[in-house]
Structures are given as C-alpha cells and as structure tokens.
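Quick note: the coordinates plus some simple rules give every number you see, no bench work behind them. Predicted model only: the values in this text are computed from it and were never measured. Methodologically, a virtual Cβ is constructed for each residue, glycine included, from the backbone with ideal geometry; neighbour enumeration extends over all protein chains shown.
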Amino acid sequence: MTNEPSTQSGQARLTLAAMIPASVFYAAFFAVPMVCLLVLSFWTTKSFVLIPGFSLANYVKVFTSPLYQALMLRTVGVALATTAIIVPTAFALAYCMRFVFERRGQLILQVVLLSLFSGYLVRIYAWRTILGKQGLLNSTLEWTGLINEPLEFLIYSNFAVVVTLSGLLLPLAVLPLYSAMLNVPRDHLEAARDLGAGRLHILRTVLVPMTLPGLRTAFAFSFLLAAGDFVTPSLVGGTQSMLIGNIVADQFRGIGSNWPLGAAMAFVVVAIMLAVYLSTTRLIRWVTRW
Amino acid sequence: MGVSKLFGDTRALEHIDFRVEDGEFVSLLGASGCGKSTLLRILAGFERPTTGTVQIYQQDVTQWPPEKRPTNLVFQRGALFPHMTVRENIGYSLKLRRWTPSRIDARIEEMLALVRLDGLGDRAPSQLSGGQAQRVALARALASEPRVLLLDEPLSALDLKLRQQMQLELRAIQKRLGATFVFVTHDQTEALVMSDRIAIMNNGRIVQYGTPRDIYRRPNSVFVSDFVGATNLLSGVVGSIDGERIVLQTASGAFAAPKGTEQLRKGERAVLSLRPEAVRLHPGTGRTAEGSSVSGNIAEIIFQGNCVRIGTQILPDATIWAELRDDEADGLTPGDPVTLSWAESAAAVMKEEPQ
Ligand SMILES: Nc1ncnc2c1ncn2[C@@H]1O[C@H](COP(=O)(O)OP(=O)(O)O)[C@@H](O)[C@H]1O
Ligand SMILES: [Mg+2]
C-alpha cells in the first residue's frame, strides 16, 4: 500500500526510459531534417547561390502567385477525389473481408499485401496500359462497339491521375480499415440491429464510429500520399494535370532550382493538407454523432 | 410448430416444439454446443429456421427481421457500444423509435434506477465493471419494453458471488416488470434458482420441459438426472410393475420406485436414479426401517464445507454417494461398514439410454 506511489513513479520512469530509443530515432530521421528544411525556407537565393537569413519572401510568393494557387487547388481537388474513391471502396472491401468472407478474408489480405510489394512504378505503368489510347479499356470498348473512337480523357488527364492514384493507394487504405474491422465484434452490429436500427443507421451510429481510428489512417494515407505524389501526374497526367508536388520537386533539381522556395512550398502544402485532413475528420465525427 | 435448423449438414436443432407463457421466466439449459444459442437466435430473428415457424403472441414472425421483432437480446459479453455513454446506450432504441428527448431522458432514469446504476449514466462503458456492464446491457434491452427478452448466458463471464447476486436481481426485475424472459445458460444451479420453467436441451432437442422441481425430482431420462444436480445411477432390469410402483432388479438387490411418466415394460433394461441428499447413512450393517437399503463399505469421504459427500462401495464396480451435514459424518472413516437407506419415493426409474 505505502510503496504504491513509488512503484508508480518507478513505472513512469521505466516508460520514459523505454521511449528513449524511439525518440532518438524520431529526432534523427524526422525532426532534424524538418528543422533544416524549415530554416532553409527563410533563406533566399541569388544567381543560384544560397543566402542565409530570415525572409518571408518565399512564403509571400507561394501565396500570391496565381500559378501556385491554381496548383494548390487542383492538388487538393485531385487528392480529395482520390480519397473519395479509395476510402469507401476500402471500407466496403474491409467490411466484406471481416464480416462476409470471415476466415477467407485473410486470403484477400495476402493479395492486397502482394500488390503493395509489386512496386510503385510497375503499377503506374500497368495503369497506363489499361487507360492508354490503345489500352485495355479503350480496345475492349471499341471491340464491343460501345464506342467508335478511343476515349481521349482516359489517359493524360486529371481523370487518369485520380484513377491511377486510387489504384496505387487502395491497398494502403485497406490495411488499417481491415485491422479496425477486426476489432469490431459481430455482436455489436447485431445488438444495434436487434434494438431496431436499419443498415444505414448501423453504419452511421456503430460501424463508422467503432472503426474511426482505421478510417482516419486510411484517409490520411490516401489523401496525404495522393496530395504529395508527383510521379503519377508526370506519367499519366496531361499538361493540365501537374500537381503542386511536381513544382516542389522542380525547385530541388536541375536548372532553375530554388531550394528555399521549394522548402517554403513544401511547408505550405503540408499545412494545407493537415488543415483539410483535420476538418474532414471533424466532419466525419459530426456526421456520425449520436 | 417443430422448429429445426441446419447449418449445412450440421443439424443444430431438431424438431423443437415449445411454448412460453406470458410473464414466464424460462431457461434453456444444456451443455455447450447443444443448440441453445441457435434456438435463441431463431427467436430473435438472426437465424431463420430450416423448417417450422416462430409465433409471438399468436403472430407468425418467422420471416420478420430482428429489428422488427418485439424481442430484444442481451448478449453474453454485453456488446455495449464503446463510443457511447451509458445513457446513450440505454436510449439507443428509444431514439430510433423517435421518442421525444424528455421522454427518453425520463425512461433512461427509470432504467438506471431499475438496474441500480443511478448516477453512472455519464460513464463510458470502459469505466464499468463486468457486473455493471451487464446491468447496462439489460437496461438497454429493456428500455423499449420488448414483449420478450432473450438473454444468452449474460452472467457467465462474472465471478460466482456477483453471479449469484445478479441471478436474484434479474429474477426480481423480471417479476417486477411481469415481462417474459427466455434465458440461456449451461449452469444448472442458475437455471434452478431463476426459472419458472426449464427446457433441458441435448443435441439440438428439448429433452425435458418443466418446473425446476419437476425436473430435479422427476427427471424423465438418465441424461436429465445426470445433468441437473449430482445423482447416483444403478442399472438393472424391470422386475414388476403394479399400479404406481415399479421394482427394478439390480446387481445389488431389488429396489422399488414410483412409476414415472415413462412407459416401461417388464424385463426391459432401466436405470434407477437417486439424489445423494436423499440417501441416509447408518453405521454397521443392520436392517433399517426405511423403504430401500443396501450395505457396503465407505470408500471415500469428501469435505465440501457446508456438507460432506461419502462414497460407499456397494459392489466392486458400484459406488453410491450420500450427502450429509458435516456433524453427521463425525467419526466415519474409509473402510467402515455402513448401511444406506432411502425413501422409495426419492428414487426415480427411467429408460436406459444407449451411450
Ligand atoms: N453459423 C454457424 N454455422 C455452422 N454451424 C453452427 C453455426 N452456429 C452454430 N453452429 C453449430 O450448431 C451447434 C449449436 O451451436 P450453439 O447454438 O451455439 O450451441 P450452444 O449455444 O448451446 O453452445 C454447434 O454444433 C455449432 O457448431
Ligand atoms: Mg451459446
């Protein structure tokens, strides 16, 4: 009895000690580079030479340039569209894996994992062969006589970017959602039904709230990764499909590069994405309030 | 009605035909896997019977989904919604029925008082003990005043003391509300304590349906007498039947018993069942005044706190157990010769079951 407080503080100390390796790792591989980048974003360049200092010029440029504003908007739009495809699809898939296929759901999980290991570029090129002018989709549609000419918008367009990103990121959203579903006992869904709830009601008042952590992670994976991608737009996007990531990347390589501007852009992008992410998760919570 | 249920080739229920009266507390008692939950889920609407019909108050509800049925189910592990407070859990079905907020609040308070959890309404389910969680589950299921409350082993996860207390509370609540309860359990004591009637289940069938007294005193099969309470079983052949009396010839003598409901014929193999607490024990090997008696030597003495169980070997392969008060067993030691006796009416004869 009397030594309980000291045991507790002993445990707290132990917990702190256990966190040291993780903290060091986190500092070395995440915090330090981020701080360097932040400092860099206040510097300026002259004739491709970095000039240390504290200037808000880069941020002003990011916020005032119509080009950057348009890119930001398009990026948020593409990322939201991608997420709007991925999250419901992944949710439905995870639901089926857990509650319809049950044991056999594990098999689908293996397939999902396998697709993750098959490589990023390979999968983008795979989508190109599906969506391309002479691609799988167009030739099938032509063969069935539904269309006479290849559908132009299928490739090198915002549509292609959204579809390809959805295909790429879907498995990443399935994983957290499936794991969240595993934590939902069937009893709870049946209890809601027994008490008189219809299917939509169960979804809104029980299933979504109980899988909220998984939903948040799935949303973060698809939204943030889609918003940050610049390889997909450059491979399947058209001239009007560049995303902010492409411009940020350009600031860090080749001629015309401007590291401080790129760093400022990166921080603005991160801030906007976080804001969108947080407001969307708020929205989910509001919709599912009981 | 004759409800049966098949899962693929597995026959979970076979020709179940039973009826519960309004305001009754009925237990479905049986070993794990005998089909209790399946039967309850058919009543709740989660499973459709392969054949047969379910009626509630003269209304055929066989095709009704669970959300439409006037039944509510209390789950084994409560199944409280973790993201809602106790209050929100209890009010869930009321909000779905579009009650006004003030009426919902009043009902929630009433329910909290009923299950003696006043003041805990704003807690999260994770802040409740096991017993409290089951009370909330009960309150949630009762809130919308279902005509029938179905309970699937709701107390099995609680420890003994709490379980016994909750048994009495549950029974008191049911009596106060005058509601119809169908309660699933594998614990025979629980069923005996709580029920108006008990349906004993075995292999997807109801093998006996009656009051706890009936079932305990007049089991209609070896299975029931063995399952409900401890019993001594002596097998033999029916010797004679006259009027209300039946005599069984066993390897250790002829014993009489009242004729049960079962039709037995002379010469048929049968089993005599005898409750340990009905057996009296006398030191020595003299005759006794009471109806039936047999002699043997004490083989084992087991102290159980409130009583002592004494096993007496009457044949090399037959032991009869007697249950005595502790002080009655003073001075007895293994090896002592003793005579066992019991009233004729305490024994029951039933058909031998092929094992
Ligand atoms: N969904 C199901 N699919 C296949 N078999 C089942 C299913 N549910 C129950 N069973 C089988 O039906 C039998 C009865 O199960 P159950 O009603 O749960 O028994 P109890 O509740 O008495 O332990 C068991 O043999 C069980 O394996
Ligand atoms: Mg069960």
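Compared with the dominant principal axis of the Cα atoms in chain B, helix B:160-177 is inclined by about 60°. Taking the Cα centroid of the stretch B:76-115 and of the stretch B:156-185, what is the distance between the two, rounded to the nearest whole Å? That distance is 20 Å. Exposure proxy ranking for A:96, B:34, A:36, based on other Cβ atoms within 10 angstrom of each Cβ and starting from the fewest, stands as A:36, A:96, B:34. In this simple spin-label model, placing a label point 7 Å from the Cα along the Cα-to-Cβ direction at both residue A:153 and residue B:251 gives a separation of 8.9 nm.
Within the straight-line cut-off of under 29 Å between alpha carbons, the lysines reachable from residue B:161 are B:36, B:175, sequence neighbours fewer than 8 places apart in one chain being disregarded.
Suppose every Lys and Arg Cβ carries +1 and every Asp and Glu Cβ carries -1, with no other charges. What dipole size does chain A come out with about its Cα centre, to the nearest 20 debye?
Taking the Cα centre of chain A as origin, the dipole is about 280 debye.
What whole number of Å gives the distance from the Cα centroid of the stretch B:314-355 to the Cα centroid of the stretch A:210-231? With the stretch A:210-231 and the stretch B:314-355 each reduced to a Cα centre, they are spaced 72 Å.
Candidate cross-link partners of residue A:133 among the aspartates and glutamates, defined by an alpha-carbon separation under 20 Å and a same-chain spacing of 8 or more, comprise A:142, A:149, A:152. Fully extending the segment from residue A:140 to residue A:23, taken as 0.36 nm per residue of separation minus the present Cα-Cα distance, adds 36.8 nm. The residues A:117, B:183, A:101, A:91, when put in order of fewest to most other Cβ atoms within 10 Å, stand as A:117, A:101, A:91, B:183. Each residue, residue A:16 and residue B:277, gets one label point 7 Å from its Cα in the Cβ direction; the gap between the two is 6.1 nm. Within a straight-line Cα-Cα reach of under 23 Å, residue A:61 can be paired with the following lysines, leaving aside sequence neighbours fewer than 8 residues apart in one chain: A:46. Between residue B:97 and residue A:96, what is the FRET efficiency for a Förster distance of 22 Å, r being their Cβ-Cβ separation, to the nearest 0.05? The pair residue B:97/residue A:96 has a calculated efficiency of 0.10.
Grab the beta carbon distance between residue B:325 and residue A:104, set R0 = 60 Å, and tell me the FRET efficiency rounded to 0.05.
Using R0 = 60 Å, I get an efficiency of 0.55.
Relative to the current alpha-carbon distance between residue B:105 and residue B:124, full extension at 0.36 nm per residue lengthens the span by 5.1 nm. Could you check what % of the DSSP bridge pairs in the protein assembly as shown are antiparallel, to the nearest 5? DSSP beta bridges in the protein assembly as shown are roughly 75 percent antiparallel.
Per-residue extension of 0.36 nm, minus the Cα-Cα distance of residue B:24 and residue B:164, leaves a gain of 48.4 nm for this segment.
What FRET efficiency comes out for residue A:47 versus residue A:240 if R0 is 30 angstrom and r is the Cβ-Cβ distance? Round to the nearest 0.05. E(calc), rounded to 0.05, equals 0.40.
When only Cα pairs below 8 angstrom with a gap of at least 6 residues are kept, chain A shows a relative contact order of 25 percent.
Relative to the first principal axis of the alpha-carbon coordinates of chain B, what is the inclination of helix B:86-96, with its axis defined by its Cα atoms, in degrees from 0 to 90 and to the nearest 10? Long axis of B:86-96 versus the principal axis of chain B: about 70 degrees. Sorting B:68, B:95 from the fewest to the most surrounding beta carbons within 10 angstrom yields B:68, B:95.
Report summary: the helix-based calculation at 222 nm, which adds -39500 (n - 2.57) for every DSSP H run with n ≥ 4 and divides by the residues of chain A, gives -22500 deg cm²/dmol. Approximating the spin labels as points 7 Å out from Cα along Cα→Cβ, the residue A:278-to-residue A:118 distance works out to 3.8 nm.
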